[in-house]
1. Report, largest value first, the span of the C-alpha coordinates of the range 686-788 along each principal axis, in whole Å.
2. Once phi is turned into ³J(HN,Hα) by the Karplus curve 6.51 cos²θ - 1.76 cosθ + 1.60 with θ = phi - 60°, what whole-Hz value does each residue of the range 228-239 show in order, with x for glycine and proline?
3. Between ASP615 and residues 5 or more places away or on another chain, which pairs have amide H atoms under 5 Å apart, with H built 1.01 Å from N, and which residues are they?
4. Evaluate the distance, in nm, between pseudo-label points positioned 7 Å from the Cα of TYR194 and of VAL316 along their respective Cα→Cβ axes.
5. Using protein chains only and a probe of 1.4 angstrom, how many square angstrom of LYS552 are accessible, to the nearest 10?
6. Of all DSSP beta bridges located in the range 118-229, what percent are antiparallel, nearest 5?
7. Run down the aspartates and glutamates and flag those whose C-alpha is under 20 Å from the C-alpha of LYS408, throwing out any fewer than 8 positions away in its chain.
8. Does the range 431-488 classify as rounded, prolate or oblate by the C-alpha gyration tensor (a ≥ b ≥ c root eigenvalues; a/c under 1.5 gives rounded; else a/b over b/c gives prolate, otherwise oblate)?
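The values are calculated or read from the model by the stated rules, or taken from the named source; none is laboratory data. Note that the structure is predicted; figures quoted are calculated from it, not measured. So basically every Cβ, Gly included, is an ideal-geometry build from the backbone, and we count neighbours across all protein chains shown. Calculation scope for accessible area: heavy atoms of the full protein, side chains included, ligands and nucleic acids excluded. Shrake-Rupley method; radii C 1.70, N 1.55, O 1.52, S 1.80 Å.
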Amino acid sequence: MILALVGESALRLLALGAVVWLALKLLRVRNPHVEMTAWTVVLLASLAMPALMRSVTLPIPAGPSPVQWAQLIPASAGLPFEAVASGPAMPSPREAASFPAPPAAPQPSAGDRRPATALAAVDWRTAATTIYLAVAATLLLRLVLGLALTWRLARRAPRLPASRSGGADLRVSAAISVPVTFGSTILLPPEYVYWSGAKRRAVLAHEGAHVAHRHCYLLLLAVINRAMFWFSPFAWWQLGRLADLAETISDEAAIEALADRTSYADILLEVASEGRHAPAGLAMARPRTVRRRVERILSAPAAPAGLDWRKRSLIVIALLPLIAVCAAGMVRAVATAEPSPAALAAGTSALSPDGASSQKTVPERERAQTAAVRFEDYVGYYQLNQWRVFTVSRSDDQLFAQLTGQRKLPLQPASDGEFVYGSSAVRIAFVADAQGRPNTLVLQRDGRKWLSARVDEAKARSVEGIFAWQIASAPDRFRDQLPASGSREAVLRSIAELQAGTPDYARMSPPLAEAIVRHLPPLHSMLTALGSVESIFFRGVGPGGYDIYGAKFANGFAEFRLLIASDGTIEDVVFRPDGDDTPGGVADCADEGSLRSLPDTAPIRLLLFNDSGADIHLLSVDYAGHRTRHDTIGNERSGSVLTNIAHPWIVTDPAGRCLEIVWPGQRTRFLAVQSVPAGDQPDGLVAPRRTPTAGSEEALRRYIGSLERGQPDYDQLTPEVAGETRRHLLLNQAILARLGPLRAMSFRAVSPLGSDVYMARFANGTAEWRIGLVKDGRIGRIALGPQY
């Protein structure tokens with residue numbers, strides 16, 4: 001924390017110094033009194049900058065962004081890193097439920113053989129902080145010793161009588177050979193008695209000017225500033241510049257006393273050749289600056305005009321706004337109408353058909369900034385979704401964050417006011433309201449952001465209670481595969497209410513009711529487009545305890561997943577539109593020029609897995625044929641798209657070259673993008689396999705065994721699967737504990753996405769697993785439970 005604060009202060013001071021230097025140059029300022037005043041103000045700002053950064057804020061109002069479909073049902077499922085979970089009760093209702101948006105590198109845990117990135121970051125930060133403090137302490141110790149030695153030297157030096165000193169504190173010391181000023185005391189060498197009258201007048205005028213302008217105290221502050229910011233070249237330059245200006249001002253005072261520039265230049269050269277001075281005093285002539293001073297003295301046409309207090313005040317007033325801008329922290333005020341955690345968290349609202357979190361909830365052009373507040377102001381609870389809460393705590397000068405069901409991790413300060421959370425690729429920032437109080441926690445990875453609103457302790461404990469209830473109840477429901485009482489009627493009633501636009505919020509949990517209120521129009525539109533319900537059928541129970549129902553409408557199909565509490569309240573609903581009878585397909589890129597979307601078609605959700613070996617881009621095509629970049633899917637990662645039948649999508653490589661064109665439909669609801677465009681195959685689709693991938697059964701057995709032990713081998717998983725495994729480890733362990741030991745496993749089929757479907761028989765029940773291996777044999781797709 002110290003290193004980050006001082007480093008950021010140094011950067012701000014560098015900017016401040018650059019602006020002041022440029023202004024002095026552009027205004028052609030040559031008066032040393034003006035420069036001295038300006039750089040003195042900058043010095044005081046330097047010393048106060050760490051405190052100013054914590055007290056000066058510039059609130060930037062920000063209203064809520066318009067809600068779009070891309071925000072309601074985004075292009076990937078789940079949160080993109082293992083440190084953030086979407087609640088174990090929220091399995092994705094798609095085949096690839098277990099590989100969400102890009103996860104971060106796996107966090108160290110028991111059984112994870114890889115080095116701990118967070119611990120390594122702590123070690124480096126600690127080492128850097130130790131080096132900084134050691135150098136700063138050395139410089140300050142040197143200053144303190146110099147002050148002590150000079151003070152003792154000055155106290156021991158005999159004072160000249162008032163009749164000879166003119167009321168000034170003049171002392172004589174045999175330890176020096178040149179005139180020195182220390183505070184308000186002027187030390188003279190014993191040889192002063194042999195000086196000429198002109199030299200004596202020049203020396204006393206020069207040293208008297210130092211005392212009158214308090215240059216010794218000013219330079220003392222500059223030395224302290226250099227010790228604080230010893231790593232900054234600006235701090236060293238600033239000390240040298242102030243010392244030069246102090247000598248220039250004193251030189252002009254001496255020249256005025258002599259009225260002869262040439263004579264004073266000779267005296268200055270003579271003094272500079274006479275030897276040593278006090279360790280912490282302000283010597284009249286430093287050898288390394290004498291030549292420059294003599295040249296200036298001889299070339300200057302006239303003495304600079306002095307400044308009265310009014311002119312100095314004007315300079316200070318002119319610089320204050322600049323200092324405030326350089327010190328201010330930009331705080332974006334979050335309006336109360338921002339999306340709630342229930343609407344934004346992964347898979348926890350009725351708005352996400354695949355349990356996905358919105359990847360575009362915060363515009364990319366907006367960057368959340370850490371509020372300039374004290375550490376204790378961050379401490380509190382921030383609700384990610386209705387299952388999980390971030391608990392931010394403090395121990396001494398270290399902040400910690402803990403997500404419900406996961407380990408407590410330190411928040412290491414990073415650049416731009418962010419904190420590293422677990423992995424260097426995962427960041428946490430805090431957004432403050434107009435009063436500067438943090439009210440939102442923002443998780444960031446790969447340009448994507450997720451918001452967690454601040455809640456009180458009672459709400460946090462309630463959310464964590466729901467999490468504990470799910471861990472306890474979901475495994476039995478999954479093992480039994482029986483619908484909850486009243487769940488079928490709840491689905492039919494919810495469909496009717498949403499189509500009519502009159503949901504019964506009293507039957508919903510508060511987070512679900514909030515999400516429905518905020519996004520009722522698009523839900524109403526999609527369900528209305530599907531038409532009346534013709535049939536509904538139970539498909540099974542998902543790992544999170546969700547009852548899964550398929551529904552056939554007059555104009556298409558959809559899937560609903562409901563979580564019913566013991567009192568009949570609907571805790572959560574996941575809605576996935578599945579289009580109509582249109583088969584869909586993959587077309588050749590030769591048709592790209594004639595693509596157009598058609599209006600008034602059924603909504604559908606597509607899931608794509610990128611197995612091409614490189615990133616792919618998804619481009620939507622509107623009714624006029626215009627292309628719009630929608631999302632990028634990394635290699636061995638998945639992405640989902642909410643669209644409509646007869647709305648084509650173009651898949652391109654990183655260079656923008658078309659790979660294939662996807663027409664939404666039943667055959668493309670789950671689609672793997674291969675290294676060879678699928679359009680080169682018959683009917684635009686890869687011929688289905690009928691046998692399992694070599695090694696898939698062994699890989700699945702190892703995976704199940706590692707879950708039972710609580711020690712997954714993350715090296716054998718892609719980053720997405722590793723992240724999903726971490727998120728659902730507690731829940732999967734509880735499920736496997738209910739099912740008992742694995743007895744047998746049989747291959748059933750190959751899914752549309754290319755995963756091998758196995759039925760695993762345990763001592764106390766059976767479960768369906770789907771597994772897909774990537775090219776090097778790692779697990780790239782994994783899913784537990786019924787998938788359709």
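1. 38, 28, 23
2. 5, 10, 4, 7, 9, x, 5, 5, 5, 5, 4, 4
3. Under 5 Å from the amide H of ASP615: ASN635.
4. 4.7 nm
5. Only protein atoms counted, so the area is about 70 Å².
6. Approximately 50 percent, going by the DSSP bridge assignments.
7. GLU82, ASP112, ASP123, GLU376, ASP377, ASP396, ASP397, GLU418, ASP456, GLU457, GLU464, GLU724
8. Because a/c hits 1.5 or more and a/b exceeds b/c, the range 431-488 counts as prolate.
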